[in-house]
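Participant: Please see the structure below; I have some questions.
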Amino acid sequence: MAAPTEGRLQPGRPWPLGATAEAGGVNFAVPSAHAEAMLLCLFDDAGQVELQRLPLPARTGDVWHGFLPGAAAGLVYGYRAHGPWQPAAGQRFNDLKLLLDPWAREIVGRHQWRQENVGADPRDNATFALKARVLPADDGFDWQGDRRLLTPLADTVLYELHVKGFTRQHPGVPAEQRGTYAGLASDAAVAHLKRLGVSAVSLLPVHQHIDEERLVAMGLSNYWGYNTIGFFAPEPSYAATPDARTEFRQMVRRLHAEGIEVILDVVFNHSAETDEHGPTISFRGLDNAGWYRLRHESRALYENDTGCGNTLDIRQPRVLQLVMDSLRWWVGEMHVDGFRFDLAPVLGRGNHGFDRDGAFFMALRQDPLLQGVKLIAEPWDIGLGGYQLGQFPAGWLEWNDKFRDTMRAFWLGHPAHRGDFARRLAGSADLFHQRGRAPGEGVNYVVSHDGFTLRDLLTYEQRRNQANGEDNRDGHGHNLGWNCGQEGETDDAAVQERRARLARALLATVLLAQGTPMIAAGDELGHTQDGNNNPYCQDNAITWIDWAAADEALIDFTARLIGLRRTLLPLGERWYSGFPDAEGQPDLAWFGADGRPLGAAQWHDGDARALGAWIGQPGRAQAPLLLLVNADADDTAFVLPEAPAGWQRLLDTAETATGTQPAPAPAASPLRVRGRSLVLLAATPAP
């Protein structure tokens with residue numbers, strides 16, 4: 001379409017921010033507290049030819065705005081901001097740089113690493129710059145009655161996956177849909193999720209992002225996607241069709257119909273503009289000091305609490321508004337069920353460090369549209385005071401890396417003791433209970449996208465990240481893994497059996513523990529990244545799940561674990577006291593293999609790796625449970641507590657035959673629990 005030529009812009013309104021199509025034209029509103037003038041630039045459909053430059057005629061507070069009569073959805077546009085080029089004062093205006101609307105709902109073009117896109121370059125970059133396209137107010141998408149599922153935490157099992165990597169090599173997904181939103185919504189992908197019984201997919205970033213210049217120069221890409229440039233636009237490379245927005249919504253609709261929630265990993269801590277040497281794409285050119293945290297000693301430099309070159313400044317009202325508008329957009333327009341916030345302490349950083357009562361948390365708490373949405377924090381960043389596990393407001397979930405590290409250490413032979421294990425297994429009360437939090441607010445995991453896969457954790461002790469182009473210096477060097485006796489893949493049957501047994505034990509520990517469990521896609525089928533523990537830049541077979549090599553027995557075993565959790569919820573939604581009830585039965589009691597309570601010295605014995613838990617079920621129509629853990633290499637005989645009708649074995653992670661395991665079987669005391677395994681028992685119902 002040709003750009004409208006009906007005359008000058010009318011004043012329009014300062015809200016909503018972004019471009020809003022309505023009867024008779026389009027309203028444009030963009031904030032900048034320090035710009036001296038703002039030009040709306042109109043382009044042809046392809047975004048290559050600049051057709052008009054129209055000064056926005058009105059300013060209300062810090063918002064520049066105007067209404068363009070005759071304009072409609074489909075219009076391609078950008079901005080030019082006039083103001084001082086004074087990096088030392090925190091400002092980097094250059095009207096030769098076309099700027100992307102931060103509220104863009106659809107982005108036109110692909111970012112190019114050219115010198116013209118650097119803010120200080122004296123050339124016009126309009127031909128190469130990203131632009132925005134105006135979307136219709138209502139495109140008529142049929143949600144077919146879809147709504148958020150609001151799955152209770154007690155029923156929640158998170159499954160972290162990458163949209164592309166999950167189906168890129170899946171033979172059951174139509175070839176044209178592999179690696180896309182449509183692929184994730186395909187019958188084959190949904191069948192696997194249903195087979196497992198997970199309640200939610202936690203998607204690695206799907207906001208539109210760009211690849212860092214360094215990676216592009218090496219022929220790599222930012223596969224994980226933690227480099228956002230469009231906070232309202234779904235990543236188009238994950239779409240099988242030109243309409244990524246519609247395809248994403250179709251995916252959500254299908255997953256909801258199958259009872260599966262959709263949670264997005266969102267990156268509001270930094271933007272893709274990187275440090276002071278990075279490109280001017282949007283925020284930097286619109287109002288650098290209004291978007292980023294700048295260093296006090298030199299406002300030409302950025303605070304870098306993210307390790308990505310810059311830090312968005314949530315203290316600024318328009319930054320907070322962008323975050324809130326984006327969250328509301330994805331909930332209201334895209335029907336997602338929750339968010340996992342990358343480097344979440346950045347969003348709580350005020351003038352004096354992290355504040356759990358900060359403006360962002362208050363805004364979320366009162367927003368009517370966002371009530372009931374799952375909010376999950378990665379509770380650390382790399383800035384001063386950045387480790388905030390357990391410190392987020394009530395209602396938030398938090399990734400519990402102390403659970404991860406303790407369980408790895410306990411099962412895989414690193415320094416640990418039974419007290420650590422029991423504390424993490426029973427909800428990490430030291431982190432959450434003492435702060436008035438619920439047990440489900442801790443997200444328990446042993447493996448996530450960041451680090452070794454479960455298979456690699458038991459196969460490699462040394463990272464193998466040479467393909468990342470950083471001389472194997474990137475990624476974690478201390479992984480608390482164990483290669484089970486031989487580094488790398490092997491045909492040694494004893495090593496293979498050891499690895500398989502530990503994989504089952506670790507999965508069982510995550511899925512039976514108190515809290516909200518999360519497993520990483522592929523861990524249930526033996527996915528390997530060949531020892532790469534930081535494959536953020538590997539968009540290839542290193543990260544794509546190899547479905548042809550799937551361990552079907554391990555899938556069945558994982559599904560059985562999730563089923564047991566759903567039916568039994570061994571450690572419930574409440575905190576345990578350890579005190580006896582009216583019948584003299586404790587709600588939770590720990591004991592050694594000899595059946596006796598553990599003394600103080602025994603809790604802290606770093607050489608002992610066997611313990612049991614009596615789990616009472618007061619108020620529930622369910623028999624008491626026993627959880628027996630033996631992380632030692634050798635078998636251990638457990639003396640079982642008395643039960644009127646005896647005990648039945650529900651699960652034994654040492655079983656290797658099929659993974660599906662037979663119906664409950666009687667268990668006699670003393671019960672031999674094999675090395676590096678876990679057993680779950682239930683009291684036999686009285687006749």
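Participant: Residues to consider are L569, L511, L554; find the one that is open to solvent by less than 10 Å² (accessible area, probe 1.4 Å), in contact with a helix residue (DSSP H, G or I) (Cβ under 7 Å, 6 or more places away or on another chain), touching a residue at least 12 places away in the same chain (Cβ under 8 Å) and among the aliphatic types (A, V, I, L, M).
Facilitator: So the residue among L569, L511, L554 that is open to solvent by less than 10 Å² (accessible area, probe 1.4 Å), in contact with a helix residue (DSSP H, G or I) (Cβ under 7 Å, 6 or more places away or on another chain), touching a residue at least 12 places away in the same chain (Cβ under 8 Å) and among the aliphatic types (A, V, I, L, M) is L511.
Participant: Related question: State which residue pairs qualify: first residue without any contact (Cβ under 8 Å) to a residue 12 or more places away in the chain and inside region 204-230, second residue open to solvent by less than 20 Å² (accessible area, probe 1.4 Å) and among the hydrophobic types (A, V, I, L, M, F, W, C) in any location, beta carbons under 9 Å apart, and separation of 6 or more residues or different chains.
Facilitator: If the second residue must be open to solvent by less than 20 Å² (accessible area, probe 1.4 Å) and among the hydrophobic types (A, V, I, L, M, F, W, C), no pairs are left.
Participant: Only one of (1) of a type outside the set (K, R); (2) over 19 Å from Y159 (Cβ atoms); (3) in contact (Cβ under 8 Å) with a residue 40 or more places away in the chain; (4) not in a helix (DSSP H, G or I) fails for A409. Which number is that?
Facilitator: Checking A409 against (1) of a type outside the set (K, R); (2) over 19 Å from Y159 (Cβ atoms); (3) in contact (Cβ under 8 Å) with a residue 40 or more places away in the chain; (4) not in a helix (DSSP H, G or I), the one that fails is (4).
Participant: Report every pair of residues separated by at least 6 positions or lying on different chains whose Cβ atoms are under 9 Å apart, first residue within region 103-125 and touching a residue at least 40 places away in the same chain (Cβ under 8 Å) and within 18 Å of F43 (Cα to Cα), second open to solvent by 50 Å² or more (accessible area, probe 1.4 Å) and part of a strand (DSSP E or B).
Facilitator: As it stands, the answer is A104/R133; R105/R133; E106/R133; I107/R133; V108/R133, since those pairs meet every condition given.
Participant: Inside region 541-551, can you point out the residues that are under 22 Å from W224 (Cα atoms) and open to solvent by 50 Å² or more (accessible area, probe 1.4 Å)?
Facilitator: A541, D546
Participant: Residue by residue through region 438-497, note down the ones that are open to solvent by 60 Å² or more (accessible area, probe 1.4 Å), of a type in the set (D, E) and not in a loop (DSSP other than H, G, I, E, B).
Facilitator: Once the filter is applied, which keeps residues that are open to solvent by 60 Å² or more (accessible area, probe 1.4 Å), of a type in the set (D, E) and not in a loop (DSSP other than H, G, I, E, B), region 438-497 yields only E497.
Participant: Within region 99-113, identify whether any single residue is of a type in the set (D, E) and under 32 Å from the mean Cα position of the chain (by Cα), and answer yes or no.
Facilitator: Checked region 99-113: at least one residue is of a type in the set (D, E) and under 32 Å from the mean Cα position of the chain (by Cα).
Participant: If you don't mind, another one. Can we say A72 is of a type in the set (G, A, S), part of a loop (DSSP other than H, G, I, E, B) and either in contact with a strand residue (DSSP E or B) (Cβ under 7 Å, 6 or more places away or on another chain) or open to solvent by 40 Å² or more (accessible area, probe 1.4 Å) (or both)?
Facilitator: yes
Participant: Assuming H111 fulfils every condition listed in (1) in contact with a Phe, Trp or Tyr (Cβ under 8 Å, 6 or more places away or on another chain); (2) assigned to a loop (DSSP other than H, G, I, E, B) apart from one, which condition is it?
Facilitator: (1)
Participant: For region 579-592, how many residues are surrounded by 13 or more Cβ atoms within 10 Å (Cβ to Cβ), assigned to a loop (DSSP other than H, G, I, E, B) and either in contact (Cβ under 8 Å) with a residue 40 or more places away in the chain or touching an Asp or Glu at 6+ places or on another chain (Cβ under 9 Å) (or both)?
Facilitator: The number of residues fulfilling the criteria is 1.
Participant: Between R404, R356, R418, R423, which is surrounded by fewer than 24 Cβ atoms within 10 Å (Cβ to Cβ), closer than 30 Å to W544 by Cβ and of a type in the set (K, R)?
Facilitator: Criteria check complete, one pass: R404.
Participant: Sticking with this one: Any idea which residue in region 639-680 is modelled with the highest pLDDT, counting only those that are buried (at least 19 other Cβ atoms within 10 Å of the Cβ) and basic (K, R)?
Facilitator: Among residues in region 639-680 that are buried (at least 19 other Cβ atoms within 10 Å of the Cβ) and basic (K, R), the one modelled with the highest pLDDT is R676.
Participant: Go through region 198-297 and tell me which helices (runs of 4 or more DSSP H), entirely inside it, have 2 or more residues that are in contact with a helix residue (DSSP H, G or I) (Cβ under 9 Å, 6 or more places away or on another chain), modelled with pLDDT of 95 or more and not charged (D, E, K, R).
Facilitator: Because the criterion is at least 2 residues that are in contact with a helix residue (DSSP H, G or I) (Cβ under 9 Å, 6 or more places away or on another chain), modelled with pLDDT of 95 or more and not charged (D, E, K, R), the helices (runs of 4 or more DSSP H) in region 198-297 that meet it are 244-257, 283-291.
Participant: Name the residues in region 18-48 that are in a loop (DSSP other than H, G, I, E, B), closer than 15 Å to L99 by Cα and of a type in the set (A, V, I, L, M), would you?
Facilitator: If the condition is that a residue be in a loop (DSSP other than H, G, I, E, B), closer than 15 Å to L99 by Cα and of a type in the set (A, V, I, L, M), then A35 is the only one that fits.
Participant: From V49, V30, V63, grab the single residue that is free of Cβ contacts under 8 Å to residues at least 40 places away in the same chain and either over 27 Å from R328 (Cβ atoms) or touching a Pro at 6+ places or on another chain (Cβ under 9 Å) (or both).
Facilitator: Exactly one residue qualifies, and that residue is V49.
Participant: Within region 150-163, take every residue that is in contact with a helix residue (DSSP H, G or I) (Cβ under 6 Å, 6 or more places away or on another chain) and either open to solvent by less than 50 Å² (accessible area, probe 1.4 Å) or in a loop (DSSP other than H, G, I, E, B) (or both) and give me the one that is farthest from G442 (Cα to Cα).
Facilitator: V163
One line per residue, one yes/no per condition, for (1) crowded, with 22+ Cβ neighbours inside 10 Å; (2) of a type in the set (K, R); (3) in contact with a Pro (Cβ under 8 Å, 6 or more places away or on another chain); (4) touching a residue at least 24 places away in the same chain (Cβ under 8 Å):
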{"position": "H256", "(1), (2), (3), (4)": "no, no, no, yes"}
{"position": "E261", "(1), (2), (3), (4)": "yes, no, no, yes"}
{"position": "H270", "(1), (2), (3), (4)": "yes, no, no, yes"}
{"position": "T274", "(1), (2), (3), (4)": "no, no, no, yes"}
{"position": "L286", "(1), (2), (3), (4)": "yes, no, yes, yes"}
{"position": "L322", "(1), (2), (3), (4)": "yes, no, yes, yes"}
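Participant: Moving to a separate point now. For residues that are assigned to a strand (DSSP E or B), touching a residue at least 40 places away in the same chain (Cβ under 8 Å) and over 22 Å from P152 (Cα atoms), tally how many sit in region 345-386.
Facilitator: The total comes to 1.
The values are calculated or read from the model by the stated rules, or taken from the named source; none is laboratory data. None of these values were measured; they are calculated from a predicted model. Neighbour counts run over all protein chains shown; Cβ positions are idealised from the backbone, glycine included. Quick note on the areas: whole protein, heavy atoms, side chains included, nothing else; ligands and nucleic acids left out. Shrake-Rupley method; radii C 1.70, N 1.55, O 1.52, S 1.80 Å.
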